[in-house]
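The values are calculated or read from the model by the stated rules, or taken from the named source; none is laboratory data. Computed from a predicted structure; not experimentally measured. In this analysis, Cβ positions are derived from the backbone assuming ideal geometry, glycine residues included, and neighbour counts consider all displayed protein chains.
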Amino acid sequence: MSEIPYKIYLSENEIPTAWYNVRADMKNKPAPLLNPGTGEPLKAEDLYPIFCEELSKQEMNNDDQWIDIPGEIVDFYKMYRPSPLVRAYCLEKELDTPAHIYYKFEGNNTSGSHKLNSAIAQAYYAKKQGLKGVTTETGAGQWGTALSMATAYFGLDCQVYMVKVSYEQKPFRREVMRTYGATVTPSPSMSTNVGRKINEEFPGTNGSLGCAISEAVEAATSQEGYRYVLGSVLSQVLLHQSVIGLETKAALDKYGIKADTIIGCAGGGSNLGGLISPFVGQMLRGEADYDIIAVEPASCPSLTRGSYVYDFCDTGRVCPLAKMYTLGSNFMPAPNHAGGLRYHGMSSIVSQLYDDKLIRATSVKQTDVFAAAEKFARVEGILPAPESSHAIKVAIDEALKCKETGEAKNIVFGLTGTGYFDLVAYQKYNDGVMDDYIPTDEEIAKSLAQCPKI
């Protein structure tokens, strides 16, 4: 057995005290957010009616490489951070591969995922601004769960619009949110103007993250003392999630390990962006080189089959325009079981990195993802979230390539969370009734045709 332990732990004193802002090192900055009415670039103050003021400033900050983490947030992080970097010895043995496989496990908190890293930051800034509460959307429910925990900690009201199909598929995740005091509404609902409009345009729809975002923004802007917070996509979220990558790199450095391949699931970009940011920073500064892979569902393939254009971040078209790889804001993803990856677009940061060929992307089918998840669970002892399992699938594929070539590559992937609230999905896979829906070129082209002409 190698001298490298199963779990590489950092000490409490090694928790990052500053977030890393990869935009400061990017030669090609992400394109600015645009006002949908005028087409003009937005300033931080233009976002104040929607987002907290400090978060708006972070959203627009392309220059500061490091942004200090407030002490209250660091203290909260200490309840569950640093998270372990685990050497997957058992998976390596099962695959009979010379590759060394590591995963950064973010599921060791009650929310069951990495989402708490940004949720506590956004709740902190809302409380600091003196707000009454926040509104948000959630797909699989991990973000809504994390935010309900964070708002309970700071004594804020929390209103969650949960994608309807996930609301129905994951009732226990919903109940965790309610236990922490959140109000949870299936989206699209009939309680907002935009929800009623979407239901009229798409009768019987299962909903999407784009729909839920529209409703949450309307709810925030129509109530005094409320602001909207988002769990992925935005640059501020990727900033907060950089703690994942910073800890991962510190743990690897502790044992002199150089990653060759880094893999993350990609929906809106929060987990992937947080994991890869410090490593991409090294690439941008000419200090190192890595093979970075974004893995998305074949049912919602924004990077691999979308277009790099300006588009609305939400289906109701009430949010600013962002330049991103998108399938079109009207794209209604199939009701697959990786609810956190059912988003029509990709983070502007991740999109720019992909367009600059600093990272690559692949898409995988749902049944293949669950086959990989079960293989991982049986040998590593953790039931992974469906979202995380996309990264597991490709990590296994890369390890098997090493078996063919004899290369002992170091493969690192992000295990974003646990799948214990996703047992309906596992049941469908085990019963053989899970399907693999892949959108046609015509469906995607029809949706993209409705993108604004910028």
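Structural remarks
Listed here are the residues, each with its yes/no results for (1) at pLDDT 95 or above; (2) more than 24 Å from Ala395 (Cβ to Cβ); (3) surrounded by 13 or more Cβ atoms within 10 Å (Cβ to Cβ).
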| position | (1), (2), (3) |
| --- | --- |
| Ser56 | yes, yes, yes |
| Ile67 | yes, yes, yes |
| Val86 | yes, no, yes |
| Glu106 | yes, no, yes |
| Ser113 | no, no, yes |
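- Failed item in (1) without any contact (Cβ under 8 Å) to a residue 60 or more places away in the chain; (2) under 30 Å from Leu47 (Cβ atoms); (3) among the hydroxyl-bearing types (Ser, Thr, Tyr), with Tyr290 passing the rest: (2)
- One residue stands out among those in the stretch 87-126 that are closer than 23 Å to Thr261 by Cα and of a type in the set (Val, Ile, Thr): the one that is nearest to the chain's Cα centre (by Cα), which is Ile101.
- Put simply, of Leu303, Leu284 the only residue that is hydrophobic (A, V, I, L, M, F, W, C), touching a residue at least 12 places away in the same chain (Cβ under 8 Å), over 24 Å from Leu47 (Cβ atoms) and surrounded by fewer than 22 Cβ atoms within 10 Å (Cβ to Cβ) is Leu284.
- Of everything listed in (1) outside any loop (DSSP other than H, G, I, E, B); (2) surrounded by fewer than 17 Cβ atoms within 10 Å (Cβ to Cβ), the single unmet condition for Ala220 is (2).
- The residues in the stretch 57-92 that are among the hydroxyl-bearing types (Ser, Thr, Tyr) and without any contact (Cβ under 8 Å) to a residue 60 or more places away in the chain can be counted, and the count is 1.
- Note on the stretch 416-454: among residues that are β-branched (Val, Ile, Thr) and loosely packed, with under 13 Cβ neighbours inside 10 Å, the one that is nearest to Ser242 (Cα to Cα) is Ile454.
- Any pair with Cβ under 6 angstrom, 6 or more apart, that starts in the stretch 214-234 at a residue that is outside the structural domain of Tyr48 (by TED's automatic domain parsing) and within 16 Å of Ala182 (Cα to Cα) and ends at one that is modelled with pLDDT of 95 or more and surrounded by fewer than 22 Cβ atoms within 10 Å (Cβ to Cβ): none
- Condition met for Lys27 (without any contact (Cβ under 8 Å) to a residue 24 or more places away in the chain, outside the structural domain of Leu321 (by TED's automatic domain parsing) and within 29 Å of Gln352 (Cα to Cα)): no
- Residue ID - surrounded by the most Cβ atoms within 10 Å (Cβ to Cβ), chosen from residues in the stretch 1-31 that are hydroxyl-bearing (Ser, Thr, Tyr) and touching a Leu at 6+ places or on another chain (Cβ under 9 Å): Tyr20
- Any hit, the stretch 432-447, residues being part of a helix (DSSP H, G or I), among the polar types (S, T, N, Q) and under 24 Å from the mean Cα position of the chain (by Cα): yes
- Some residue of the stretch 39-48 being among the hydrophobic types (A, V, I, L, M, F, W, C) and part of a loop (DSSP other than H, G, I, E, B): yes
- Among the residues listed as Leu358, Leu353, the single one being in contact (Cβ under 8 Å) with a residue 60 or more places away in the chain, within 17 Å of Gly274 (Cβ to Cβ), in a loop (DSSP other than H, G, I, E, B) and under 20 Å from the mean Cα position of the chain (by Cα): Leu358
- Inter-residue pairs, beta-carbon under 8 Å, first surrounded by fewer than 15 Cβ atoms within 10 Å (Cβ to Cβ) and in the stretch 32-47, second at pLDDT 95 or above and charged (D, E, K, R), 6+ apart: Asn35/Asp46
- Exclusive hit being assigned by TED's automatic domain parsing to the domain that holds Glu387, at pLDDT 95 or above and either in a strand (DSSP E or B) or buried (at least 22 other Cβ atoms within 10 Å of the Cβ) (or both), set Tyr125, Tyr102: Tyr102
- Scanning the stretch 371-380 for residues that are touching a residue at least 60 places away in the same chain (Cβ under 8 Å) and either assigned to a loop (DSSP other than H, G, I, E, B) or crowded, with 24+ Cβ neighbours inside 10 Å (or both) yields a single hit, Phe376.
- Identity of the residue in the stretch 230-278, of a type in the set (Gly, Ala, Ser) and closer than 16 Å to Tyr102 by Cα, that ends up surrounded by the fewest Cβ atoms within 10 Å (Cβ to Cβ): Gly256
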